[in-house]
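To keep things clear, I will list the structure first and then write my remarks on it.
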Amino acid sequence: MKGVDYWTDADKDEIIEDLLGMKPLKPVYDASKGNLYCNGVGVIIEDSGTDNTVIYDLDANTREEIHVPYNTRIFGGGDGSKKPCSYAGSSIVMNSGKVKSLVGGGLGGCNVGSASIVFNGGKISEGIGAGGSNNHINDDITGNIVGYSSVVVNGGEALTLYGGCATGMGRLGSADIEINGGDIKWVTAGGSNGTTGAVKVVINGGKFTVVQSVNRGSIGSSIITVNGGLIERLYGGGETEDASVTGIYGKSILNIMGGQVNKLASGTSNGVEKSDFISGKYISGVIGNEEITESLNMIRVPSLEETIKRLIAVEQTVTVTDIQI
């Protein structure tokens with residue numbers, strides 16, 4: 001009945017006791033797995049000289065730190081391998097140090113609404129994953145979801161970077177990746193497995209062995225824009241030479257506007273080389289095998305230098321006629 005309070009005094013006392021006993025979330029290191037779970041708390045990673053110093057704000061007035069060994073895996077979310085967990089957001093900033101991986105989401109049945117990773121320097125031996133990681137050996141990925149993720153790379157070294165999930169199964173809605181420098185061997189818009197919705201990759205600088213839209217699992221759409229940097233091989237789909245790349249993509253847009261791409265290829269979808277769902281634009285003088293662009297449905301556009309020259313030429317050909325009154 002409306003207005004009737006069904007809570008007993010004992011119930012109320014228990015709720016108050018639970019609330020008063022709640023402690024602020026803080027990062028937790030699991031030595032048995034070599035994982036640090038940030039539990040949705042924003043962290044900054046620095047090299048102490050002997051290990052990684054992880055700095056975080058416990059509250060508005062309290063800054064704390066935890067030391068973890070080199071080659072630790074850092075999760076922005078929590079450990080959901082035994083009990084499900086959810087966090088509104090996560091934030092990881094790495095300025096220096098040595099870790100195995102940076103993961104925007106959590107492990108197992110852990111969901112994160114919005115994840116952020118900024119990599120300014122240091123070394124990552126495994127890679128960066130914008131999404132989460134579900135290492136359970138089954139097809140149940142409902143417990144590992146990241147809604148949106150942002151990754152910015154300004155320097156440092158990493159083996160891989162995934163816009164989706166770096167290891168295991170998981171789901172990611174969308175992601176934005178911006179790379180301004182650094183040395184990354186493999187950059188993949190999608191994930192190593194799992195499902196990824198839509199990812200935009202903008203490369204302004206850096207060195208890369210492979211840049212591709214998909215590895216394994218699936219991605220709905222990807223837009224890869226290259227404004228600078230050196231890329232050995234760029235694929236609209238997955239890396240053709242690697243038989244383990246079996247991922248599926250729905251749409252791939254390639255915009256090659258600067259830098260240097262030594263080799264451009266269609267790549268694969270579901271293990272089959274195809275270019276049906278690739279399109280984009282490019283400027284001349286950037287792609288080593290520029291002749292392939294026609295088969296990839298790419299349109300040539302004038303570079304900034306060409307546009308300026310054209311405007312100057314137009315200006316020089318303008319004549320002034322006498323105006324008779």
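A short reminder: the numbers here are calculations on the coordinates, not readings from a lab. Treat the numbers as computed from the prediction; the structure is a model and nothing was measured. Here the Cβ is made from the backbone with ideal geometry for all residues, glycine too, and neighbour counts use every protein chain on show.
Over the chain, what is the relative contact order in percent, taking alpha-carbon pairs closer than 8 angstrom and at least six residues apart? The partial results should precede the final answer.
On the way: 1011 pairs, mean separation 27.0, N = 325.
Computed value for the chain: 8 percent relative contact order.
Radius of gyration (Cα atoms) of the chain, expressed as a multiple of 2.2 N^0.38 Å: 1.23. A straight chain from Lys185 to Ile55 at 0.36 nm per residue would run longer than the Cα-Cα distance by 44.0 nm. Dipole magnitude for the chain: computed about the Cα centre from +1 point charges on Lys and Arg Cβ and -1 point charges on Asp and Glu Cβ, it is near 600 debye. Under a Gaussian network description of the chain, with springs only between Cα atoms under 10 Å, the residue in Gly104, Gly229, Gly40 that fluctuates furthest is Gly229.
Listed from fewest to most Cβ neighbours within 10 Å, the set Met169, Met94, Met257 follows the order Met257, Met169, Met94.
By how many nm would the segment from Val28 to Glu157 lengthen if fully extended, with 0.36 nm per residue of separation less the alpha-carbon distance?
Working: separation 129, 0.36 × 129 = 46.44 nm, distance 2.54 nm.
Extra length available between Val28 and Glu157 comes to 43.9 nm.
Projecting the Cα atoms of Gly34, Ser213, Ile231 onto the dipole axis of segment 28-317, where Lys and Arg carry +1 and Asp and Glu carry -1 at the beta carbon, places Ser213 farthest toward the positive end.
Rounded to the nearest Hz, the phi-derived 3J(HN,Hα) couplings of segment 95-102 under the Karplus curve 6.51 cos²θ - 1.76 cosθ + 1.60 (θ = phi - 60°) are 9, 6, x, 9, 10, 7, 7, 10, where x marks glycine and proline.
What is the ratio of the Cα radius of gyration of segment 181-317 to 2.2 N^0.38 Å, where N is its residue count, to two decimals? Could you put the intermediate results ahead of the total?
Details: Rg = 15.6 Å, N = 137, 2.2 N^0.38 = 14.3 Å.
Working it through for segment 181-317, the quotient is 1.09.
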